[in-house]
Amino acid sequence: MGEIDDNRVNFGPPNTVPEKFKDRKFYQHNPTVTLMQTTVEENRQLGEEIGHKAAAAVGPTCIMIPLKGVPAIDQTGKAFDDPAARKALYDGIRAMHGSVELIELDYHINDAEFAEAVARKLLKLIGN
């Protein structure tokens, strides 16, 4: 994944972040956890990997995309709000999901409506 060692984007206290990432955007979750925002290109690669893995599934599979974001700090106006990176993630999934059903919903992953839609879909999938 580009320059991220071992796919890490979470570090300990700020002084544990490698120097090579000094120009990246960070969010200090608490005194022992520092989060690093992924780039647009890294998000595209992540999306492609998610889509590729889902496409290889042998059982009932569906990808549900929360169009308003995934992490809590990715919501509009929050620390990691980056519509371009979010779009890149989803475009990567769209490009690689193959024949796996893809459902896009205009919710954030933490919205109750998204959780309810996912639960309904899961019940349908396991009922088959």
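Please treat every number below as a calculation from the coordinates, not as lab data. Just so we're clear, the structure is a prediction, and the values are computed from it rather than from any experiment. Don't worry about glycine lacking a Cβ; one is built from the backbone with ideal geometry, like all the others, and counts go over all protein chains shown.
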What is the spread of the Cα atoms of the range 20-88 along each of their three principal axes, largest first, in whole Å?
-> 42, 27, 25
Checked against the positive end of the charge dipole of the chain (+1 on Cβ of Lys and Arg, -1 on Cβ of Asp and Glu, about the Cα centre), the farthest of HIS97, ALA54, ALA115 is ALA115
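Quote the charge dipole size of the chain about the Cα centre in Debye, to the nearest 20; the model charges only the Cβ of Lys and Arg (+1) and of Asp and Glu (-1). Walk me through the numbers on the way to the answer.
Values: 15 positive and 19 negative charges, 33 e Å.
Here the size comes out at about 160 debye.
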Which far-off residues, 5 or more places away or on another chain, put their amide H under 5 Å from the one on LEU105, with H placed in the peptide plane?
-> ILE65, LEU67
Pop out the ³J(HN,Hα) list for the range 61-70 in order, Karplus 6.51 cos²θ - 1.76 cosθ + 1.60 with θ = phi - 60°, rounded to Hz; leave Gly and Pro as x.
-> 9, 8, 10, 10, 9, x, 4, 8, x, 10
Consider the candidate values (1) 14.9; (2) 16.0; (3) 18.6; state which one is Kirkwood radius over Cα pairs in Å computed from the structure displayed.
-> (2)
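Multiply the residue gap between ASN10 and GLU113 by 0.36 nm, knock off their C-alpha separation, and tell me the result in nm, one decimal place. Please list the in-between numbers first.
On the way: separation 103, 0.36 × 103 = 37.08 nm, distance 2.85 nm.
34.2 nm is the gain from fully extending ASN10 to GLU113.
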Vicinal HN-Hα couplings computed from phi for the range 13-20 (Karplus, 6.51 cos²θ - 1.76 cosθ + 1.60; Hz; Gly/Pro x) = x, x, 6, 9, 6, x, 4, 5
With a cut-off of 13 Å, note down the residues of the range 15-57 whose backbone N falls inside the zone around a label point 7 Å from the Cα of LEU125 toward its beta carbon.
-> 51, 53-57
For the chain, give the share of DSSP beta bridges that are antiparallel, in percent and rounded to the nearest 5; count only bridges with both residues there.
-> 55 percent
